[in-house]
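Input: a single structure, listed below in structure tokens.
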Amino acid sequence: MIGQHSLDAIADAEPTPFWLESADIPESNPTLVRDVHCDLCVVGGGYTGLWTAVIAKERDPACDVVLIDKGEVGGAASGRNGGFMESSLTHGLGNGLARHADELDVLEELGLQNLNQIEAAIKRYQIDCGYERTGVIDVAHTGHPEPYVAALREEHDVLRRMGQQVEWLDTDAMRTEVNSPTYLAGLFRRERAALIDPARLAWGLKRVAEELGVRIYEHSKATDISRDGSGMAVTTPLGSVHCAQVVLGTNADRPLLKRVRQYMIPVYDYCLVTEPLTDEQIASIGWGNRQGLSDITNQFHYYRLTDDNRILWGGYDAIYYWGSKMSAELESRPETWAKLSEHFFQTFPQLMDVKFSHVWGGAIDTSTRFSVFFGTAMHQRVAYAVGYTGLGVAATRFAAATMLDLLAGRKSIATRTDFVQSKPLPFPPEPFRFAGIQATRWSMKREDQTGSRNAWLRLLDRFGLGFDS
């Protein structure tokens, strides 16, 4: 049962993404109301589409690029996530070892190069997005079973052997970095993670794309994609885009290509943001190095400081709705906000007088391998990347460059990997999909309590299936 204090703390919160309430919001672009022609049509105005448009113009300034979005640029997942920019392409070391062990060193290096390239682009184009390369700490606390803590220590040792800059934090060191009475230990990954204001990054990339000559149309939903002579046609309600090639970066939305639908499902994630903390409140928790933090459980929390010293606190529940349903109504889930509020005060009891200013939710595109997958269609005229599973802020740039390589038939280190060439296992159809996901959620919660995987989770491991956010 949720305590009254936790409920009172969210009572006056605005049910809207904190990042999208900003004076920096750009003016809306026109709706596509006619037929237009171009070399490359990019469908989706999130990070995947924006990076694709920018990189396409960087590689060939003469390339005529049109980007369309069903709403406004950055209005979906790219403008409402936690702002964690991790270098990992494989959803962390453990998942990488389980699924891509033979090429993990290559993928880790590609991920680090990708993060460095993002940082360079932010500096080159002077994108004001609160970029802080402060690293991230994976936190073990008193509620975690002992095997989880041992596994975290083992991960530290593996990363050290791989030559990565990591630091093991014992209880005193962990509480010196960030002070919570629940903390037992932490794995501080210094060089491979950064924090951003996610909406301002999307808006900055929109500005850059337009400066490079990309034509952007908003409130122009792609309803169909088809062959058009030797090229392609992307249809919208009031117009169409005729082009040589198409990139699909539609995240959790229902894929335009039927072949992709079995590999990806939308999962809803929820978060809160506090009011700005006072100097005294900040002093009570430390956090002077401003790292991102994340739990090590299946049902994990992620949290970080904003520019104005609010705490963003999210995660834990990952909700799948029957039939892969998506709607604006599902972005509101008061019972999860209440649960997150209670977990916040359990972690930081010294902040009992803090209230939350914003609560919201959004859909994540999830795949059974927990990471982005790629493909081409229609005789290599169409490329897609989807299934980021909550770790796409940085991986979208890698995906954009890789899709352009695939369309061009360019052999790169990335396109030669099994990671790019392979697909995840598909999700089963309903009703088995919903039933299986609910069984998996229950089993993961039980593992977080006991530290042991039951027969259901071991069966999923055997067949390479998974569920995460």
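The values are calculated or read from the model by the stated rules, or taken from the named source; none is laboratory data. Remember, predicted model here, so these are calculated numbers, not experimental data. Ideal geometry is used to build each Cβ from the backbone, glycine not excepted, and the neighbour counts take in all protein chains shown. Keep in mind that these areas ignore ligands, DNA and RNA; they rest on the heavy atoms of the full protein, side chains included. Shrake-Rupley method; radii C 1.70, N 1.55, O 1.52, S 1.80 Å.
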Which of E155, E21 is most accessible, then next, and so on - probe 1.4 Å: E21, E155
Sequence-distant aspartates and glutamates (8 or more away, or on other chains) whose Cα lies within less than 15 Å of K70: E218, D224, D253
With DNA, RNA and ligands ignored, accessible area of V386 (1.4 Å probe; Å², nearest 10): 10 Å²
Degrees between helix 334-347 axis and first principal axis of the chain (Cα, 0 to 90, nearest 10): 50 degrees
Shape category assigned to the chain from the gyration tensor of Cα positions, a/c cut at 1.5: prolate
The chain, dipole about Cα centre (Lys/Arg Cβ +1, Asp/Glu Cβ -1), debye to the nearest 20: 1700 debye
Solvent exposure ordering (accessible area, 1.4 Å, most first) of E132, E275, E218: E275, E132, E218
Degrees between helix 104-124 axis and first principal axis of the chain (Cα, 0 to 90, nearest 10): 80 degrees
Solvent-accessible heavy-atom area per residue, rounded to whole Å², over the chain at 1.4 Å: 41 Å²
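Can you give me the relative contact order of the chain as a percent, contacts being Cα pairs under 8 Å and 6 or more apart?
24 percent
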Whichever aspartates and glutamates have a C-alpha closer than 14 Å to that of K123, once near sequence neighbours (fewer than 8 apart) are set aside: E132
Probe 1.4 Å - accessible area at D60, Å² to nearest ten: 70 Å²
Alpha carbon centroid spacing (whole Å) that separates segment 34-70 from segment 136-171: 41 Å
Per DSSP, loop chymotrypsin sites (Phe, Trp or Tyr not before Pro) in segment 52-147 with at most 16 further Cβ within 10 Å: Y125
Extension reserve of the A408-E27 stretch, reckoned as 0.36 nm per residue once the Cα distance is removed: 133.8 nm
Within straight-line cross-link reach of K445, lysines at Cα separation under 20 Å, skipping those fewer than 8 residues along the same chain: K339
Check: segment 1-158 dipole with +1 on Lys, Arg Cβ and -1 on Asp, Glu Cβ, in debye: 320 debye
T52, T278, reordered so the largest accessible area comes first (probe 1.4 Å): T278, T52
Portion, in percent, of the accessible area of segment 323-431 that falls on carbon or sulfur, probe 1.4 Å: 55 percent
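Scan segment 163-203 for GluC sites (Glu not before Pro) in coil per DSSP, keeping those whose Cβ has at most 14 other Cβ atoms within 10 Å, and list them by number. Show your work: numbers first, answer last.
Details: sites: E167, E177, E191; in loops: E191.
In loop regions of segment 163-203 (DSSP not H, G, I, E or B), the sparsely surrounded GluC sites (Glu not before Pro) are E191.
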Among the listed pairs K206/K325; K57/K221; K57/K206; K57/K258, those beyond 18 Å (Cα-Cα): K206/K325; K57/K221; K57/K258
